[in-house]
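One structure is given below, encoded as structure tokens.
FYI, it's all coordinate maths here, none of it is from the lab. Just so we're clear, the structure is a prediction, and the values are computed from it rather than from any experiment. Reconstructed Cβ throughout: ideal geometry from the backbone, glycine too, with neighbour counts over all protein chains shown.
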Amino acid sequence: MDTTMEQVVIQELEKNSSIPDSGIFASERGLDHSVLVDSVLKSLIGREIVEAKPISHEHWLVTKEGQEYAEIGSPELRTFQSVGSEGATVEEIQSKLGVVGKLGIQQCLKRGWLKLDKETKKLFPQVTQVIDDTAEKLKRLSLNPQSAELSLQDLKELKSRKLVQSKTLKTFSIQKGRRFSQFHEQVATDLSKEMMESGSWRNASFKEYNFEASGKPLIGGFLHPLMKVREQIRYIFLGMGFEEMPTNQYVESSFWNFDALFQPQQHPARDAHDTFFLSDPAFSKPCKDREYVHRVCKVHQQGAYGSLGYRYPWSEMESQKNILRTHTTAISTKMLYHLAQKEHFVPKKYFSIDRVFRNENLDATHLAEFHQIEGLIADRNLTIGDLKGVIHYFFSQLGMSQLKFKPTYNPYTEPSMEIFAFHEGLGKWVEVGNSGVFRPEMLLPMKLPEDVTVIAWGLSLERPTMILYGVRNIRELFGHKVDMEAIQSYPLCRLGIE
Ligand code: PHE
């Protein structure tokens, strides 16, 4: 932006309150009109400091041929001068002047400057003196292209002789704009290297610090909707007397994720399609409790505690493979194991809400990493009735009180039930979780007392979050395509607590 030109415009408006024509304004001050329009006027208009109305002007440009005539005389003058008082034939003139002669003869005859004598075939002057008005007009036009001094007739004639071209020129009438009074002299906000070098800092005026200004609003520190829902669910569990399990370990050995849960080593979920294996370190250290490993091996390989087992050769190496945990039940298992090591059994209610990883096909509702909510109760003589009761209470706190259970299969629970809830908003039954009673093949090798039963259930955190916030595609919620603005503006999570 040309700040000095801008100043000139502003000063003029301050003095005379309007500039009737930017074209005249520019030429009077020797300013380049196109620079005035493109880099000054447009910016001032954009800032609403000035307003401008366009004006169209017919503008006359003298062609190359016209400029030549303006300088050395028109063809008619040069022809008239060549003919002289003695007269000359058409051929003589044409051979002397060429095309100019041909054009000149036409013009001279038309103007009555020359006359053709039919007998002698010679051109003779009819006047003693001529004025080269064509060259005169062209000179005037090249000095002032908007010349209104020439008659329309003259301009038309020069145009038909291709000595001038017409062009429309756009200029503007300029008035003060809405924010004219807010225009301040340009003040420097920073001391720059250029100002130091040129010394212009000496005369520059600097913008003062405004200590009253409020700063930019801070962005950051927004809670992700998943975290908001997690917090609410944590409150439900805590309100029900549950303790939170430590879930800060994403890498788990297959032993705690699968084997200790009586999940056979050939189970399809364990192969590379569903599980992420670590390459470095690929294996964990063997479990220190060798007797426990033995009992786990035995229950898989040949059966124990009245169970037939799976009857396959169990491999400890396979159980040492490091993986990203596929469910938080790995943690529940470890917690139960530690509980079993206590001298006296203490009933426990545990929960966790954290991330798990599955090598699944990704779609609108599935990601390779998601969060699991998991709850379990270990106590003497619990029944499936207790399980259904606690699940009813838990889901009613989430706003879902109409539940249905459907038998299913998990390698580590028997019986196992899928949980369905009637979703008022969607008007249909949706699957909301999985549950069951942990098998003796899982609990007895840990040495939990035989009359201790563990009931447990699990669900994803993403499902209720998507339902609560009306998110259709999980990618908007989690991962690199996350919608940051939506995340920042989601309201607090309010569960339909009854
Ligand atoms: N671990 C199960 C899952 O990943 C959920 C579950 C937890 C099932 C506890 C039964 C008992 O889906």
- Task: Could you pull out the pairs from K64/K115; K342/K404; K15/K139; K15/K42; K110/K162 whose alpha carbons sit more than 28 Å apart here?
- Result: K64/K115; K342/K404; K15/K139
- Expressed as a rounded percentage, what relative contact order does the stretch 370-498 have, with Cα pairs under 8 Å and six or more residues apart? 31
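Taking 0.36 nm per residue of sequence separation and subtracting the Cα-Cα distance, how much length would be gained by fully extending the chain between M484 and S214, in nm to one decimal? Provide the component values of the computation, followed by the final result.
Numbers: separation 270, 0.36 × 270 = 97.20 nm, distance 2.45 nm.
Length gained, M484 through S214: 94.8 nm.
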- With axes computed from alpha carbons, what is the tilt in degrees of helix 133-143 against the longest principal axis of the chain, rounded to the nearest 10 within 0 to 90? 30
- Message: What lysines does K349 reach when the alpha-carbon gap must be under 18 Å and sequence neighbours fewer than 8 apart in one chain are set aside?
- Response: K334, K388
- Summing -39500 (n - 2.57) over the DSSP H runs of n ≥ 4 in the chain and dividing by its residue number, what mean residue ellipticity at 222 nm do you reach, to the nearest 500 deg cm²/dmol? -9500 deg cm²/dmol
- Task: For S166 and H59, compute 0.36 nm times the residue count separating them, minus their Cα-Cα distance, and round to one decimal in nm.
- Result: 38.0 nm
- Item | Summed side-chain charge close to E51 - residues other than E51 whose Cβ falls under 12 Å, Lys, Arg +1, Asp, Glu -1 | +4
- Item | For the chain, with +1 on Lys and Arg beta carbons and -1 on Asp and Glu, the positive-most of L443, F394, A272 along the dipole | A272
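Excluding D289 itself, what net charge comes from residues whose Cβ is under 11 Å from its Cβ, given Lys and Arg +1 and Asp and Glu -1?
Values: positive: K288, R290, R295, K447; negative: E291.
Neighbourhood net charge equals +3.
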- 11 Å beta-carbon shell around Y350, net charge (K/R +1, D/E -1): 0
- What are the aspartates and glutamates whose alpha-carbon lies under 19 Å from the alpha-carbon of K406, with same-chain residues fewer than 8 places away excluded? E374, D386, E414, E418, E431
- Task: List the aspartates and glutamates whose Cα lies under 17 Å from the Cα of K288, skipping any in the same chain that are fewer than 8 positions away.
- Result: E252, D259, E316, E318
- Note on the structure: In nanometres, the difference between 0.36 nm per residue of separation and the alpha-carbon distance of E48 and T383 is 112.9 nm
- Message: For q values of 0.07 Å⁻¹, compute log₁₀ I(q)/I(0) with the Debye formula on a Cα-only model of the chain, without solvent.
- Response: -0.65
